[in-house]
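Below is one structure, written out as structure tokens; comments come after it.
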Amino acid sequence: MPKPYSERKLLRTGESLWARLEGAVNRVTGPVYNPLYHLGTLTIYLFIVLLVTGIYLTIFYRPGSEVAYQSVERITNTWLGLLMRGVHRYAADALALVVFLHLAKMFLTGRFWGSRWLAWVSGFVLLALSWWIGTMGYWLVWDTQAQWMTEYGIGIVRGSVAHTFLSADIATRTYAFFVIILFLHVFLGLLIVFGVLIHVIRLNRARFWSPRWLMIEAGIVLVALALARPVSSNPPADLNRLVGLVNMDVWYFGFMKLVQYFGNGWVWGLSLLALGIGIAMPWLAKGETDLGPAIIIDEQCTGCTLCAVECPYTAIEMVDREDGSQFKQLAVMKPNLCTSCGICVGACATSANQLPGLPSPQLKEQLLAAIAQARGAGQTPDVVFTCQRHDTLGTFTGLGVVAAGPIGELSLAGGNPDPAREGVRCVVPCIGYLPPDWEDEVIAAGAREVVVVSCPTDDCSSREGPKWLAERARRKRSLDHPGHHWLEAAPGDRGRVLAFFEQLAREQPAFSLPDFARKLPPRLPAVLTGLLILFIAFGFSLLAEVPVRATPPDQSALRIVLLHPGIVKNTIEELRGFSATLPPGASPEQFFGGEKYPVQVRLEVDGQTVLEDTYHPGGVRHENPVYGFSTWRLPPGQHQVRVFLNDDGAEWRLLFDQVISLEEGQVRTLRFDQERDVFVVDEGVGSKK
């Protein structure tokens with residue numbers, strides 16, 4: 001059964017750990033300059049870096065198996081090309097990591113179900129698309145890493161595609177493939193732009209640009225990595241040699257080793273299962289809220305448009321009124337897009353917007369009653385406004401919370417030396433829920449201080465709660481009055497909150513404006529910490545490239561390549577009358593088709609049968625030629641090799657019987673010569689006779 005935010009213990013534990021990390025960074029950088037609050041826009045920035053550097057590399061790249069590797073090396077041999085390639089490579093790995101972190105944070109904070117399902121699902125699609133684009137980029141280099149993937153791919157696809165790569169004239173036959181892969185690498189990258197637009201289509205004022213300081217820091221780190229460890233290629237691809245030791249990018253090629261260990265079925269089956277579960281998570285792990293969706297009381301709506309403007313998720317639209325009201329417009333709620341954040345409640349001066357589970361008039365009445373009760377007991381209370389996220393993640397744990405619910409008492413034990421000075425804590429869904437006049441009203445009701453404890457403005461789970469509350473306070477100038485204070489803190493950061501209240505209890509000046517409103521310039525520790533975080537994160541690109549062995553040492557291989565015209569199973573009797581009109585040597589089957597026999601090949605090495613494969617004709621009716629290839633590894637040296645073929649479903653014929661000498665790592669190719677009806681040892685893939 002779906003559970004409310006505070007009752008989803010497992011997710012809240014993960015979110016609490018993540019928030020602790022952000023809080024630790026905040027102690028050095030402050031909440032304004034914390035890179036961890038900008039993972040979404042940092043992803044877009046990295047994509048732009050990839051796009052710019054990719055355009056440069058594409059200009060000088062030449063497709064084709066004979067020229068691709070050389071063109072990449074020519075690019076790398078210039079200082080600018082080396083820098084561009086390095087930044088491109090490290091940005092690709094950084095993108096994979098940042099996307100994963102962004103996804104993890106959205107999941108842990110519960111921002112994936114309800115109206116946010118479209119952003120979540122499109123994010124998974126963008127993740128899969130980015131991985132595929134990056135993998136194709138490595139393929140274009142045409143080194144041994146690309147060869148490894150190519151051999152793996154043609155082993156799955158087989159047919160005419162495999163024969164294209166294994167032909168003697170590979171350069172001519174595969175040129176179109178290189179052009180197609182290059183086109184897809186570029187085109188799918190541009191397609192991501194539309195994917196991002198879909199990703200944010202339900203957001204009001206979607207942010208695409210990272211803060212300038214973060215873009216500068218990220219650029220510095222990428223350039224530093226590219227200069228510190230220049231990118232180099234593996235040796236050029238050579239399909240006449242086994243792939244040995246390869247420097248493999250784990251982010252994009254890690255599946256190759258997994259496939260070797262566990263097989264295609266397990267790896268791709270579990271991958272598709274994980275992708276399916278991830279996409280279905282908004283419905284499999286759906287939460288619930290007992291507060292909303294928000295409603296609009298038509299009789300109290302003045303059509304001011306503030307709620308529609310401030311709604312972060314375009315859940316409110318303005319329509320022309322038809323009820324005879326003196327006001328021209330009416331706000332209309334779209335419940336399927338509402339996240340029950342309550343920002344529209346705080347925006348409305350006439351209380352026309354309400355959360356059914358937490359009506360603001362009743363909440364204010366309880367708040368004022370709690371203040372009056374404290375005053376009646378001879379106390380001068382402090383009023384603390386905070387959000388559900390702070391409350392759930394334990395920001396006030398240990399500060400003497402003795403009552404639960406939206407209104408609770410807060411004893412500032414350890415922070416307030418005056419026992420007559422108690423506190424009242426008001427918990428709302430998002431800090432943007434607070435109407436603009438509440439702070440002044442609680443002061444007028446007898447509260448000594450009003451403290452707003454909010455999430456950092458760049459980390460609000462409702463995106464814009466602190467922003468709009470600050471805008472309301474600016475209009476009323478409430479933060480300029482004595483007794484009004486605002487503290488930005490990572491949820492669960494009890495130390496920062498306690499230190500603030502200790503300072504407040506000693507009647508020392510406490511900042512009245514939040515950090516983002518004061519527009520503090522970046523300090524050197526903040527800059528250095530941000531650079532360090534990005535170096536650590538992007539530095540995983542260095543760890544992602546690891547040397548692996550694609551094939552064991554001391555091995556060589558025989559490769560059998562077959563292109564057989566096929567033999568038709570049954571004569572088409574009704575077409576025999578056309579024989580007289582056909583050219584000499586032609587048959588009706590050649591013109592009108594017919595199902596053909598599969599071709600079986602048996603390989604014997606040193607007197608033992610090592611493989612026996614069956615290759616089926618292509619086409620819907622199995623009327624096309626038969627393509628096939630097989631590879632068998634064996635130790636270097638001389639071997640007696642015999643190849644048998646059965647192409648009519650009855651007779652096996654010996655078509656090859658020779659001693660073949662193999663060097664370590666060498667691949668010798670036995671190619672079927674249909675004119676002579678024999679297998680011959682040719683010069684190898686890419687070598688013309």
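Residues in segment 41-57 that are free of Cβ contacts under 8 Å to residues at least 60 places away in the same chain and closer than 19 Å to residue 198 by Cβ: 43, 48.
Residue 640 falls short on exactly one of the conditions (1) part of a strand (DSSP E or B); (2) in contact with a Lys or Arg (Cβ under 9 Å, 6 or more places away or on another chain), and that condition is (2). When residues of segment 299-328 are filtered for being farther than 26 Å from residue 466 by Cβ, touching a strand residue (DSSP E or B) at 6+ places or on another chain (Cβ under 6 Å) and of a type outside the set (Lys, Arg), how many remain? Going through segment 299-328 one residue at a time, the tally reaches 2. With respect to residue 496, is the statement that it is modelled with pLDDT of 90 or more, in contact with a Lys or Arg (Cβ under 8 Å, 6 or more places away or on another chain) and of a type in the set (D, E, K, R) true? Judged against the criteria, residue 496 is not a match.
Residue 134 passes every criterion in (1) modelled with pLDDT under 90; (2) surrounded by 17 or more Cβ atoms within 10 Å (Cβ to Cβ) apart from (1).
State all residues of segment 277-326 that are assigned to a helix (DSSP H, G or I) and more than 22 Å from the chain's Cα centre (by Cα); if no residue qualifies, say none. Correct list: 298, 299, 300, 306, 307, 308, 309, 310.
Does segment 429-450 hold any residues that are within 40 Å of the chain's Cα centre (by Cα) and either over 17 Å from residue 388 (Cβ atoms) or surrounded by fewer than 24 Cβ atoms within 10 Å (Cβ to Cβ) (or both), and which are they? Matches in segment 429-450: 435, 436.
Residue-by-condition table, conditions (1) touching a helix residue (DSSP H, G or I) at 6+ places or on another chain (Cβ under 8 Å); (2) buried (at least 17 other Cβ atoms within 10 Å of the Cβ); (3) closer than 30 Å to residue 6 by Cβ; (4) modelled with pLDDT under 95:
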residue: 113; (1), (2), (3), (4): yes, yes, yes, yes
residue: 145; (1), (2), (3), (4): yes, yes, no, yes
residue: 157; (1), (2), (3), (4): no, no, no, yes
residue: 170; (1), (2), (3), (4): yes, yes, no, yes
residue: 185; (1), (2), (3), (4): yes, yes, no, yes
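Of the residues making up segment 451-461, none is outside the structural domain of residue 42 (by TED's automatic domain parsing), touching a His at 6+ places or on another chain (Cβ under 8 Å), surrounded by fewer than 23 Cβ atoms within 10 Å (Cβ to Cβ) and assigned to a strand (DSSP E or B). If you go through segment 333-350 and pick out every residue that is in a loop (DSSP other than H, G, I, E, B) and either touching a strand residue (DSSP E or B) at 6+ places or on another chain (Cβ under 7 Å) or not aliphatic (A, V, I, L, M) (or both), you end up with 8. Comparison of 664, 623 shows that the only residue that is at pLDDT 90 or above, touching a Pro at 6+ places or on another chain (Cβ under 8 Å) and not in a strand (DSSP E or B) is 664.
Only one of the numbered conditions (1) outside any loop (DSSP other than H, G, I, E, B); (2) under 18 Å from residue 429 (Cβ atoms) is violated by residue 330, and that is (2).
Condition check ((1) surrounded by 14 or more Cβ atoms within 10 Å (Cβ to Cβ); (2) in the same structural domain as residue 65 (by TED's automatic domain parsing); (3) of a type outside the set (Lys, Arg)) across all residues:
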residue: 247; (1), (2), (3): yes, yes, yes
residue: 270; (1), (2), (3): no, yes, yes
residue: 277; (1), (2), (3): no, yes, yes
residue: 313; (1), (2), (3): yes, no, yes
residue: 316; (1), (2), (3): yes, no, yes
residue: 322; (1), (2), (3): no, no, yes
residue: 325; (1), (2), (3): yes, no, yes
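Entry remark, segment 533-569: residues being touching a residue at least 24 places away in the same chain (Cβ under 8 Å), within 30 Å of residue 669 (Cα to Cα) and of a type outside the set (Gly, Ala, Ser) number 18 in total. Scanning segment 62-71 for residues that are crowded, with 19+ Cβ neighbours inside 10 Å, assigned to a loop (DSSP other than H, G, I, E, B) and not polar (S, T, N, Q) yields 63, 64. Looking across segment 602-623, the residues that are farther than 13 Å from residue 158 by Cβ and of a type outside the set (D, E, K, R) come down to 603, 605, 607, 608, 609, 610, 611, 619, 620, 622. The residues listed here are 274, 206; of these, the one that is outside any helix (DSSP H, G or I), free of Cβ contacts under 8 Å to residues at least 12 places away in the same chain and under 30 Å from residue 113 (Cα atoms) is 206.
Just one of the listed residues (25, 49) is assigned by TED's automatic domain parsing to the domain that holds residue 203 and assigned to a helix (DSSP H, G or I), namely 49. The listed residues are 116, 74, 111, and the only one of them that is outside any helix (DSSP H, G or I) and of a type in the set (Lys, Arg) turns out to be 111.
The values are calculated or read from the model by the stated rules, or taken from the named source; none is laboratory data. For clarity, every value in this text was computed on a predicted model and none was experimentally measured. Here the Cβ is made from the backbone with ideal geometry for all residues, glycine too, and neighbour counts use every protein chain on show.
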